[in-house]
Amino acid sequence: MSQAIGTPTDNALSEYADLEAQLADPGVHGGQGRARELGRRYAELGPLVAAIREQEAVQADLEAAREMAAEDKEMAELAVSLEEQLGEVEGRIRDLLVPRDPADGKDCLLEVKAGEGGDESALFAGDLVRMYTRYAEQRGWKVEVISATEGELGGYKDIQLAVKSRDPANPVFGRLKYEGGVHRVQRVPVTESQGRIHTSAAGVLVLPEAEEVDVTIDQNDLRIDVYRSSGPGGQSVNTTDSAVRITHIPTGVTVAMQNEKSQLQNKEAGMRVLRARLLALALEEQAAKDSAVRGAQIRTVDRSEKVRTYNFPDNRVADHRSGYKANNLSQVLDGDLDAVISSLVDADTAAKLAGEDAP
């Protein structure tokens, strides 16, 4: 892809035209991965290009109105209105020019893991999974369960989901990445006979889905162990060694899979998760080199290290990074997440514009 030299808006227009030409080439669509990558970037630049063209049109109208303002009162009033409109469009362009994380346009793997709180934590993890599934449905995304270990009373001890979008203009990771961290719940558990409010937590980890072209894995760097899969309590659920544990020796990253019936299926699922984790690791290392580490996801499931609290007695949800608070907990848990996530997107944008770390 050619690189233009000029102002950021000139570069955006040049890149957009270049992408348009490439997507019009039938040869590009022979490789589905390449066409999808170009389509994502084209869709990502679309709002910025539209705003730049709107700015050019408003600027031209403003200049014409100013020329006639001295002799025409209506033109003078129009010029004032156009100045306000121009300021709004320029502000939108400024926000759209904020550097985006390179993985924002990707699909994602979302892991939810029960933490402190035992059975109640597993039930809460189940509530979070339902929340994300409903949110995905509202946005037209597809959700696939890769692996899951259910809790004894319901919910999940841990679960891995793949969330995919069919529309490059409606990417997944750029929205769901803000969900990473420890989520805390305050409510009366179903196991509580005295009616006391308990606090428990579940951890959420969001990884950009890696395609094979994103991460190169040398098979010599892998150690693959097979073993017999087991169910709750350790009882055997399979008479063959179908479960797979994959260790990436250079990084020490380990993935274990046992949900599928065959060793090959478990290996494929494990490699999918391994690629995502290695891509996330590479992006994190690059961000550190660039001194731009933002919004690190909390990997420990400690009730004190929380990003969001769900308070059932008060029907309140509070995000501790953006400061968002609302008394609509039931709607949020039913998938109404846009306002919460938008508050984090806005906080992230403001931090980037100020040159600070995101909340």
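What the table below lists for this structure:
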item: Mean separation of Cα contacts under 8 Å (6+ apart) over length of the chain, as relative contact order %; result: 15 percent
item: Reachable aspartates and glutamates, given that their alpha-carbon falls under 14 Å from the alpha-carbon of K142 and they are not under 8 places away in the same chain; result: D107, D167, E209
item: Under the span-like rule (Cα at least 24 Å along the axis, Kyte-Doolittle mean at least -0.5), DSSP H helices of the chain; result: 73-96, 119-138, 263-289
item: Inter-label distance, nm, simple model (7 Å from Cα along the C-beta direction), E54/T149; result: 4.9 nm
item: Per-selection Kirkwood Rh - the range 8-96 (Cα, Å, 1 d.p.); result: 15.1 Å
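Any read-out appearing in this document is the output of simple, stated calculations on the displayed coordinates, not a laboratory observation. If you're wondering where the values come from, they're calculated on a predicted model, not measured in any experiment. FYI the Cβ positions are ideal-geometry reconstructions off the backbone, even for glycines, and counts take in every protein chain you see.
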